[in-house]
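The values are calculated or read from the model by the stated rules, or taken from the named source; none is laboratory data. In this text the structure is predicted, and so the values were computed from the model without any measurement. Ideal geometry is used to build each Cβ from the backbone, glycine not excepted, and the neighbour counts take in all protein chains shown. Surface areas here come from the heavy atoms of the whole protein model, side chains and all, with no ligands, DNA or RNA. Shrake-Rupley method; radii C 1.70, N 1.55, O 1.52, S 1.80 Å.
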Amino acid sequence: MTAEKIKEIVSQMTLEEKASMCSGADFWHTEAVERLGIPASMVSDGPHGLRKQDQEGDHLGVNDSIKAVCFPAGCGTAASFNRELIQQMGETLGEECQAEGVSVILGPAVNIKRSPLCGRNFEYYSEDPFVASEMAGALIHGVQSKNVGTSIKHFLANNQETRRMTSDSKIGERSLHEIYLAAFEGAVKREKPWTVMCSYNKINGTYAAENHKYLTEVLRDEWGFDGYVMSDWGAVNSRVKDLQAGLDLEMPSSNGFNDRLIVGAVQSGELPEKVLDAAVARILNIVFRFEENRDKNAVFDRDKDHEMARKVAQETIVLLKNEDVLPLSEQDEIAFIGKYAEKPRYQGGGSSHINSHKVTSALEMVRGMANVTYAQGFDDKEDKTDEKLLAEAVEAAKKAKAAVIFAGLPDAFESEGFDRAHMRMPDCQNELISKVAAVQPNTIVVLHNGSPVEMPWVNEVKGIVEAYLSGQAVGGAVCDILFGRVNPSAKLPETFPLKLEDNPSYLFYIGERDKVEYREGIFVGYRYYDKKKMDVLFPFGHGLSYTTFAYSNLTTDKDQMKDTDCMTVSVDVTNTGKMAGKEVVQLYVADKESTVIRPLKELKGFEKVELAPGETKTVTFTLDKRAFAYYSVKLQDWHVETGAFDIMIGKSSRDIVLTKEVSVESTVTIPFVYTTDTTMGDVLRDPRAREIVKDLLKLDIFGGEQGKAESSAANEAISAEMNRAMAEFTPLRCALSFGGNMNMADIQEIVEQLNALEES
Ligand code: BGC
């Protein structure tokens, strides 16, 4: 519908109708205004399946929803590093929404994994904003290609569940831009989600819902977002202020209370009516976009979509460790051990919980594929070793050629609404793994969890498969990987630290009451572990394959560029093994000479390529200014410091195989203001300044360039080098106290000349 037509409809609405348009009619619908032909529009969770509630609504996954298909959760889809695949998953979800009359699916959820403890990490993509934004973009693209909207969430800085509705995330501006905003930015700019969902929490003292800076200045003015912003369910706290900040739709509703506040505020002149009109127009725009693009032929074919879920799951399962034990042979007798072989844990709890139309377990899928025995091994209702189950498992393992233990985190360990208390698996499962590994040298652990776990048995087993929470088709996908029908190709979108205490947010997570300080700043995930040179259990980007890949010919189209240019990087990748496979080629950029504190390297590109044995493909990346930049708070913009950068190609963040140095020249200078407190070192960074301070340089405190003879007694105690170093950090004003006959007016005069030079 055209903007004019929408404007016309808005002009025909009463003040009361407009106010009520800005909040839900019920849990899942927007208001209808029949006399003007405005239909009610349904939204549903999301993100990895359709949680359409046609009976009683709730936002915690308590009441029933229609039977649907549960795809792998965000933790897994990110591990695929496969944009096309996730786009296809989005297309499938979009078609399901069309068939079910759902205008917007509530996702993707892109919040950064700041700590492994966040109860909702399973829904989120990564510790890295580039990965989060790219994968979210792919999903949005897919869903919206079916004329169904998405709601990228939870905007902004909602990285824990504890007190999520009241906590205040205290974050520096640079970290906000480089890490937390960046997770949304690329996806919003490129894919234009129809809606954005604001989070519950405050950001630096202001609720996300009433945050004009982020909802309007950043989201709309800077990023060009043109859809509507909806609140997370119950996130509205000050309706009139929120509307002015840019929050269009309150969900679900306040039973008319907030609508009356809006009406009152317009009547009293507190709220300009045009603010309300703009919000209504934005909501109607999306309502009609969906209505006018209904696909009457769309069908929700659950069995077909189950196969799509399996296809996605095959690429979300990460092979973490393999000492020549995988793939298993279908001819051998294998023991499947652990409750999750029979009843897989494949999704997390809360608003994303799908009423799966069917779930396939590995045990069910392996029957007919291989000769497998089964022992339950543990129960997950409580963390207590069941000696009988344990003994049976050990017996089964002893008799087999190999044992596969299906372990992981029980439902109660990770869910929306609360955080994990620790990073451990249940003790009873750890004990089972060690006892089985003690009798069976070919032991493999398959993990079902949405976030990293500590692995005290990591050196006791030969194989580890991270199945994440891979959706309802997980059983088949795991068997495909275990028996080599599919070559694993997923990579970790997050670091698995050795222990929780290693995590950079550890000292401050989960904050003090409502105050949560993000003191680790930009050093989230591998940005921290790398800089600290810390050992980790499994690094960011890690994931094995049944084949091997070799890299060669790292080239760039230029060795130097201005920050207004782009650089093309290409690298050849060859499958040097015997099996076809997919590799995720990772490109990191490192600033080699920086005056600002930066990570050692940051991921700036990735591509997944499929290669037959012996095949070589050239992978190409384009790097622009952003790939080299940090966020300058002073400039309020991204900035590149002139100098050398390394382009690194890696199999993981800790396995860099090729590096090439390039240089980038900045076209922007950050204005520098000289004062009497400016140090001589800072002055001399500009070669033109030497002439202005030439008299000061003669003084001993500034290095005495034409001063004392080298052999004086003082020079024996202070070397020329020490002298120079001290001079570098001495402010200009010291000329007053230490030597010469300078007075303050002389020094001020020098400062003025320096500032004049800066402006010239
Ligand atoms: C969650 C959102 C969800 C909404 C509706 C909230 O509790 O944080 O992610 O979309 O409920 O169920």
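For the stretch 549-665, the pair-distance distribution built from all alpha carbon pairs, in bins 5 Å wide starting at 0, is 2, 11, 22, 22, 17, 11, 7, 4, 2, 1, 0 percent. A cut-off of 5 Å between modelled amide H atoms, ignoring neighbours fewer than 5 places along the same chain, links G349 with E416.
What does the accessible area per residue of the chain come to in Å², with a 1.4 Å probe and no ligands, DNA or RNA counted? Please list the in-between numbers first.
Details: 29140 Å² over 760 residues.
For the chain, the solvent-accessible area averages 38 Å² per residue.
Using a 1.4 Å probe on the protein heavy atoms only, what accessible surface does F413 show? Give it in Å² to the nearest 10. Counting only protein heavy atoms, the figure is 50 Å².
Rounded to the nearest Hz, the phi-derived 3J(HN,Hα) couplings of the stretch 159-168 under the Karplus curve 6.51 cos²θ - 1.76 cosθ + 1.60 (θ = phi - 60°) are 10, 7, 9, 4, 6, 4, 8, 10, 6, 10, where x marks glycine and proline. The DSSP beta bridges internal to the chain are antiparallel in roughly 55% of cases. Across the stretch 39-46, rounded Karplus estimates of 3J(HN,Hα) from the backbone phi angles (6.51 cos²θ - 1.76 cosθ + 1.60, θ = phi - 60°) give x, 6, 10, 9, 10, 8, 5, x Hz, Gly and Pro being marked x.
Normalised by 2.2 N^0.38 Å, with N the number of residues, the alpha-carbon radius of gyration of the stretch 490-596 equals 1.43.
For the chain, what does the relative contact order come out to in percent, with C-alpha contacts under 8 Å and a separation of six or more?
13
Express the carbon and sulfur contribution to the solvent-accessible surface of the stretch 236-298 as a percent, rounded to the nearest whole number, probe 1.4 angstrom. Please list the in-between numbers first.
Numbers: 1280 of 2790 Å².
Roughly 46 percent of what the probe reaches on the stretch 236-298 is carbon or sulfur.
Beta bridges assigned by DSSP with both partners in the stretch 306-531 are antiparallel in approximately 20 percent of cases. Could you work out the percent of alpha carbon pairs in the stretch 306-531 separated by over 23 Å, rounded to a whole number? Value for the stretch 306-531 (Cα pairs over 23 Å): 48 percent. Of the residues K7, K462, K153, K304, the one with the largest accessible area comes first in the ranking K7, K304, K462, K153, computed with a 1.4 Å probe on protein heavy atoms.
When shorter helices are ignored and each DSSP H run of at least 4 residues is given -39500 (n - 2.57), the per-residue value for the chain at 222 nm works out to -8000 deg cm²/dmol.
Pairs exceeding a 19 Å alpha-carbon distance, out of K533/K601; K113/K651; K67/K304; K321/K491; K562/K592; K146/K304: K113/K651.
Once neighbouring chains are kept in place and the probe is 1.4 Å, which whole percent of the accessible area of the stretch 306-531 is contributed by carbon and sulfur?
Values: 3710 of 7840 Å².
Of the solvent-accessible surface of the stretch 306-531, carbon and sulfur hold 47 percent.
For E210, the accessible area of its heavy atoms, probed at 1.4 Å with every protein chain present, is near 30 square angstrom. The value obtained for the stretch 3-291, namely the Cα convex hull volume divided by the number of residues, is 119 Å³ per residue. Its Cα gyration tensor gives the chain an equivalent ellipsoid; the semi-axes, largest first and in whole Å, are 48, 39, 23.
Which net charge results when you count Lys and Arg as +1 and Asp and Glu as -1 among the other residues whose beta-carbon is under 11 Å from that of V33? Don't skip to the answer; put the middle values down first.
Working: positive: K18, R35; negative: E16, E17, E31, E34.
Taking every Cβ under 11 Å from that of V33, the sum is -2.
Measuring nothing but how far apart in sequence close Cα pairs (under 8 Å, 6+ apart) lie, relative to its length, the stretch 278-429 scores a relative contact order of 28 percent. Positive end of the dipole of the stretch 3-291 (Cβ unit charges, origin at the Cα centre): among A278, F155, W194, the Cα lying farthest that way belongs to F155. E749 sits with roughly 90 Å² accessible to a 1.4 Å probe, with DNA, RNA and ligands left out of the calculation. Evaluating kT/(6 pi eta Rh) at 20 °C and 1.002 mPa s, with the Kirkwood radius of the stretch 449-552 over Cα pairs in the Stokes-Einstein relation, gives 133 µm² s⁻¹.
If you take every residue apart from R688 with its C-beta less than 14 Å away from the C-beta of R688, what net charge results, scoring Lys and Arg +1 and Asp and Glu -1? Here the count lands on -2. In terms of accessible area, using a 1.4 Å probe and ignoring ligands and nucleic acids, M308, M230 rank largest first as M308, M230.
If you sort D502, D559 by accessible surface, 1.4 Å probe, largest first, the order is D559, D502. Couplings 3J(HN,Hα) for the stretch 399-406, derived from phi with the Karplus relation 6.51 cos²θ - 1.76 cosθ + 1.60 (θ = phi - 60°), are 6, 8, 7, 8, 10, 10, 9, 9 Hz, where x marks Gly and Pro.
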